[in-house]
Amino acid sequence: MTTDTTEQTDAGGGIAADRTVSDPDYDDAFDAVVVGAGLAGSAAALTMASASLDVLVVERGTSPGAKNVFGGVLYTPTIRELVDVEDAPLERYVGEKRFGVLTEDDETAVSIQPGAWRDDPHNDSYTVLRGDFDEWFAEQAVEAGATLVTETTVTGLLRDDDGTVVGVETDRPDGTLRAPMVVLAEGGNSLVSEGADLKERPERGDVAVAVKEVLEFPDADDAIEQRFRLTGDGGAAYHYFGDGAVGDAFGGAFIYTNDDTLSVGLAYRIDDAVTTQPNPAETLDHFKSHPAVAPLVRGGRTVEYAAKTIPEGGAEAVPDLVHDGAVVVGDAAGLVLNNGVHLEGTNMAVESGYYAGLAVADAVASGRTKAHALADYPRSLESSFVVKNLEHYEWLLNAVEDDRDLLFSELPRAVADAGAEYFRVDHAPKHDHAANAKSRLFETVGGWRGAAKLAWRYRKVIS
Amino acid sequence: MSNTPSTPDVENASLEDRLYTVKYEDPGESHLDVQVVGFCVERCTTDDCVDVCPADVWRKDEDGEPVIAYENCLECGSCRFACPYNNVVWEYPENGSGVTYQYG
Ligand SMILES: Cc1cc2nc3c(=O)[nH]c(=O)nc-3n(C[C@H](O)[C@H](O)[C@H](O)COP(=O)(O)OP(=O)(O)OC[C@H]3O[C@@H](n4cnc5c(N)ncnc54)[C@H](O)[C@@H]3O)c2cc1C
Ligand code: SF4
Ligand code: SF4
């Protein structure tokens, strides 16, 4: 149910009857205003509405999801507890994860397909398209009682004399709206939070630029099933690293299978994008033409091209989450884990929206909206997987930075060479090949001692 | 054995065709600008806004002034982070105009 500000007095939540369509006065009609109907915003709205708060969600797109882009794989452990995901517009469950390291012309890959992923709840990992999913998820918040207005952008926050946030300004005529609480769920390009000094603009080394294409295969109906060996609702998530994916930049590329389309894209640090790396569109062309990637995407017709940024500063870059009269959730709070092996923001967005929603509901119920009355939100988040994961991988960002040439260029090359050597079919005995392969790898990492050091430094990535 | 090349040709759509896939409503005026043109002309030698943009929105004319094809913009926000002089003025196009993604 998507309504426009000018025609929405009957939409859900608690707008007093004496307010008319021609003279809308929503001041203090709502307990909380949510900025943005993405995953974090809808999770917060749903949680608050379920706790009987009157909630208004303001979304700038023509519908929720209209402005949103991700890879991607939606992680559903928390969503499952809030809504019935069986009804959600999911594309495929992730039955296989594959990690490939690409040099200019080689690939070395690892594939994981645990049998358990084929069974419900499929490791809580599903490919989705945000245009569909976000709209559905926002509808669940509306069904719980929240009111949604679309095509409306929040342009600033209102504050009272002591600086407490008391509402929002929007780009609608007479567009100010007072409310005791504001939930900032505006995503990574957080103009409102920055404009109101709730956070600083992230450094460009802590932000990635991402591009993505959705591909259709009009000439080959079963191209996706065939090329990715899929059966039923099963799908695949392929991740790529190394020179063949994103040149010498820090980042990676991906291919995800949807029901009848592929999502193909890549992301790398803006710091690198402004230097040696060709622009994002050309980097994507290059990746798609890699000998190990081209057979998967060939013949695909681009039905959509999209771009977005990813905040990836980790735990150190997370701003204050609570303020007097306001909370910050999801990507706006930098809650994304992107360490190479994991690219997860959806679960953190939902988890933070949920905890923030609970804390706001308690605060509003007791009539207190200062930061200290909202402290349950950061407290709950810190003891959840969200902050634990961010902190757990903090070291990685620093370690990778120090070792980047080795990790993204030299090692992939050596692994590919070593693999080729190990499996070489000629007249030499196998153990010669194995010995050659080993020495090729060892040369690169600096012998036993270097290998041991590397293994130690990266031991926590998969733990 | 046939002599088909071992790597199949991938026909990548041109940027123009790519941008054409995105539903777009023109807000009528640019939502992008620069704070001080002088920075772009005199100080800035790296043109980071141009390098980062996935949609070829930013170009510089021969005087070094930025030319902004705002109607190509995918609203990713990258140029805002990329400019080392914090010189990009970036607002959302009004009332839901700009891009609308169908897939996302
Ligand atoms: C290319 C890419 C690939 C990714 N892949 C994955 C993946 O595979 N798995 C995963 O878990 N995560 C992935 N992520 C991260 C994930 O997408 C985000 O962490 C998640 O979408 C964050 O949700 P959010 O609700 O905080 O923000 P968003 O989804 O960005 O939602 C913000 C909402 O606020 C609205 N809005 C913004 N400003 C205003 C305003 N001023 N007024 C009104 N409305 C406003 C926007 O229109 C939008 O609807 C990926 C991200 C990118 C960019
Ligand atoms: S990077 Fe900044 S200063 Fe340089 S041309 Fe672009 S907007 Fe101007
Ligand atoms: S927001 Fe993105 S697409 Fe738009 S001009 Fe900036 S970099 Fe280009």
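Miscellaneous remarks
- Failed condition for B:G28, given (1) more than 15 Å from ligand 2 (Cβ to nearest atom); (2) away from chain A (no Cβ under 13 Å); (3) crowded, with 16+ Cβ neighbours inside 10 Å: (3)
- As for region A:294-304, it holds at least one residue that is acidic (D, E), open to solvent by less than 30 Å² (accessible area, probe 1.4 Å) and over 23 Å from A:R204 (Cβ atoms).
- B:T46 vs. criteria modelled with pLDDT under 95, exposed (fewer than 14 other Cβ atoms within 10 Å of the Cβ) and either within 16 Å of ligand 1 (Cβ to nearest atom) or within 9 Å of another protein chain (Cβ to nearest Cβ) (or both): yes
- Counting only helices (runs of 4 or more DSSP H) that fall entirely inside region A:259-314 and contain at least 3 residues that are touching a Leu at 6+ places or on another chain (Cβ under 7 Å), the qualifying elements are A:280-288.
- A:E91 being away from ligand 3 (no atom under 16 Å from the Cβ), among the charged types (D, E, K, R) and in contact (Cβ under 8 Å) with a residue 24 or more places away in the chain: yes
- Selection over region B:64-93 of residues that are more than 15 Å from ligand 1 (Cβ to nearest atom) and in contact (Cβ under 8 Å) with a residue 24 or more places away in the chain gives a count of 16.
- A:T164 vs. criteria under 23 Å from A:F30 (Cβ atoms) and touching a helix residue (DSSP H, G or I) at 6+ places or on another chain (Cβ under 7 Å): no
- Taken as a whole, the structure places B:D56 among residues that are open to solvent by 50 Å² or more (accessible area, probe 1.4 Å), over 24 Å from A:E186 (Cβ atoms) and within 9 Å of another protein chain (Cβ to nearest Cβ).
- One residue alone among A:A45, A:A37, A:A29 is within 20 Å of A:G156 (Cα to Cα), aliphatic (A, V, I, L, M), modelled with pLDDT under 95 and buried (at least 18 other Cβ atoms within 10 Å of the Cβ), and that residue is A:A29.
- Options A:G235, A:G325, A:G265, A:G244; residue that is open to solvent by less than 10 Å² (accessible area, probe 1.4 Å), in the same structural domain as A:F385 (by TED's automatic domain parsing) and more than 16 Å from ligand 2 (Cβ to nearest atom): A:G325
- Options B:C40, B:C49: the member that is within 15 Å of ligand 2 (Cβ to nearest atom) and either in contact with a Gly (Cβ under 7 Å, 6 or more places away or on another chain) or aromatic (F, W, Y) (or both): B:C40
- Strands (runs of 3 or more DSSP E) wholly inside region A:138-231 containing at least 1 residues that are within 16 Å of ligand 3 (Cβ to nearest atom), crowded, with 22+ Cβ neighbours inside 10 Å and within 13 Å of chain B (Cβ to nearest Cβ): A:207-216
- Cβ pairs under 8 Å, 6+ apart, first in region A:180-194 and without any contact (Cβ under 8 Å) to a residue 60 or more places away in the chain, second within 15 Å of ligand 3 (Cβ to nearest atom): A:L191/B:W90; A:L191/B:E91; A:L191/B:Y92; A:E194/A:R201
The values are calculated or read from the model by the stated rules, or taken from the named source; none is laboratory data. Worth saying up front: this structure is predicted, and the values here are computed from it rather than measured. Virtual Cβ from ideal backbone geometry, glycine too; neighbours counted across all protein chains shown. Calculation scope for accessible area: heavy atoms of the full protein, side chains included, ligands and nucleic acids excluded. Shrake-Rupley method; radii C 1.70, N 1.55, O 1.52, S 1.80 Å.
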